[in-house]
Structure formats: structure tokens, C-alpha cells
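Step one of this worksheet: look at the structure below.
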Amino acid sequence: MKKSIVLMGLGALLLSSCSGYQKKIEEDSLRIADLTAEYQEAATFNDSLMLLMGDIYTGIDSINMQEGLLYNMGNGENTDRRSEIRQNLATIKARLAANKELLSTMEAKLKASGNENSVMAKTINQLKERIAAQDQKIAQLESDLSNARTQIETLNTQVTETQEQVKAETSAKEEAQAQAVAAENEANRVYYAIGTNKDLKNKGLLEKKFLGATKVLKGDFDSSYFVSADKRTLTSIPTNSKKVKIWSNMPAGSYEIVGGKDDPKTIKITDPAKFWSLANHLIIQVD
């Protein structure tokens, strides 16, 4: 009987011990599950942080690329390149805004978790600083882009004004040259008239009174009867007449009348400068 009581006590002790071990195992299992969940959450958080960090650094490269495009624009691509840079900066700004919001969410989640992770907290702060620096850089690039546009518009205005000035100066120069040519042509303009004695008198080119000397171009005369010519190119004047007389005071030795005895005569000017030095109107009488 006494032996039975001892056995029953040992059994109860064993049952109690087994029950305690089972409870311990269950508690440890729950703790392991919690730790596993925390680890997975931490790993996911860390992965998200790493992805965000990579995107932020990619944004830095993109901003640097736009900066290079802005400061190396050629004159022929200003309009298209400025538009391209402005659009790219807008895309980068939108991505930075999204990353900033995501980073704030992650920071709030880290604080709410109660886990003091100094490495992650430091990383988040560094990324926030980098985003702020990128915002500042974008603002500077947008300002430079606007200034570049203003400078280009100013240069375009200056170019237009210069072109107009050059155009006006060219026009004035051409007009002056034309006037100089016209003046030179006028200075070299000479006139000659060929006609019978009667025709010349009727036109007022000759005037002879009874027993008086013959006068040349002394009164009103018909200027339309004269032929206009350029003394630089006028070298001979055909008369289509066998008899020729020059009434104008042309210096001897500056011309000669050529043609056979029974042939029409031609006045050949041998020294134009001397020939026209005393008069620029030549009157030739033919019979």
C-alpha cells in the first residue's frame, strides 16, 4: 500500500514536470515565431531602404546629367535642348517627391516599431539630406535654365538689332555707291548733234546774223536734238556725210576726220580728255 502511494506520487510529479516542459516549448515556439516575423519585417524594411537609396543615387546621376546638358548647350539646339532639360527636371522632381514621402513613411514606421536601430536611423537621415540637396540643385538648374533663356532672348534681340543696323548701313552704302556712280556717269556725260546748217539753226544750236559771226549755243536751244554719250567709251562718231564741219570749240590734235574723198566721214576722237576739256556739247554740220 505504501509502495502504491509512492508510485502515484512519482507519476504525479512526472505529469507535472511534463506539463511544465510542454508550456515552455509552446512559449519558446511563440517567441521564435515572433522573432522570425520581426526578422522578416526588418529584412523587408532594410531591402526597401536599400532600393530607395539606389533610386536616390540614380536621381543624383540624372541631375548631374541634366546639369551637363545645360552647361554644354550649342547655339543651334537651345530651344529644343532647353525644353528637353525642363521636362527631364520635372520628371526627376516628381520622383524625388515620391521618394521623400516614402522615406517619411519608413521613418515613422521605424519610430513606431520601438526598435532602436541607429544604423537605419542614420541612413534615413543621410538620405533625407541627399534629397534636400537634390531639391536645391534642381532649383539652381531651373534658375540657370531661366537665366539662359533670358540671355539667349537678349542675344537674339541684339542679333536682330545688329542685322537691322547692318542692313541699314548696307542699304546706305549701296545708295551712296549708286549716287557716286550716277555722279561719275553724269560727269562723263557728253552730247553731240549732227545736222545741216538749216537744221542746226532751226534748233537754236547755231545763230548767224547778217554780216555777223556764227554763234554756237548762245540762246535757247532744243536739247532733245542732241545724242547723249559717255566720253569714256565714245571713240568715234559716224556722220554718213561726205562733208563735215565741227562748230564746237574742240582742241586741235584731239581728233581727226577720217574717210576717203568720196566716202562718208567719221570723227575719230584720239584724246577724249583733251577733246571734251572745253565743252561737253559737240555740234557737227553735214551737207
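The values are calculated or read from the model by the stated rules, or taken from the named source; none is laboratory data. Since the structure is predicted, the reported quantities are computational estimates derived from the model, not experimental observations. Virtual Cβ from ideal backbone geometry, glycine too; neighbours counted across all protein chains shown. These accessible areas exclude ligands, DNA and RNA; they are computed on the full protein's heavy atoms, side chains included. Shrake-Rupley method; radii C 1.70, N 1.55, O 1.52, S 1.80 Å.
So for region 204-213 (the condition being more than 51 Å from the chain's Cα centre (by Cα), under 24 Å from residue 265 (Cα atoms) and at pLDDT below 90), does at least one residue qualify? Yes, because at least one residue in region 204-213 is more than 51 Å from the chain's Cα centre (by Cα), under 24 Å from residue 265 (Cα atoms) and at pLDDT below 90.
Within region 178-204, the set of residues being hydrophobic (A, V, I, L, M, F, W, C) and within 23 Å of residue 244 (Cβ to Cβ) comprises 190, 193, 194, 200.
Each row is one residue, and each column tells you yes or no for (1) among the polar types (S, T, N, Q); (2) modelled with pLDDT under 80; (3) surrounded by fewer than 18 Cβ atoms within 10 Å (Cβ to Cβ); (4) assigned to a helix (DSSP H, G or I).
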position: 92; (1), (2), (3), (4): no, yes, no, yes
position: 95; (1), (2), (3), (4): no, yes, yes, yes
position: 103; (1), (2), (3), (4): no, yes, no, yes
position: 111; (1), (2), (3), (4): no, yes, yes, yes
position: 115; (1), (2), (3), (4): yes, yes, yes, no
position: 119; (1), (2), (3), (4): no, yes, yes, yes
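Apart from one condition, residue 144 fits all of (1) within 21 Å of the chain's Cα centre (by Cα); (2) open to solvent by 60 Å² or more (accessible area, probe 1.4 Å); (3) at pLDDT 75 or above; the exception is (2).
Determine whether residue 283 is touching a residue at least 40 places away in the same chain (Cβ under 8 Å), over 60 Å from the mean Cα position of the chain (by Cα) and surrounded by 15 or more Cβ atoms within 10 Å (Cβ to Cβ). Here the answer is yes, as residue 283 does meet what is asked.
Look at region 88-108: where a residue is more than 13 Å from residue 139 (Cβ to Cβ) and a partner is surrounded by 12 or more Cβ atoms within 10 Å (Cβ to Cβ) and of a type in the set (S, T, N, Q), sitting 6+ places away or on another chain with Cβ atoms under 7 Å, you get 88/66; 106/48.
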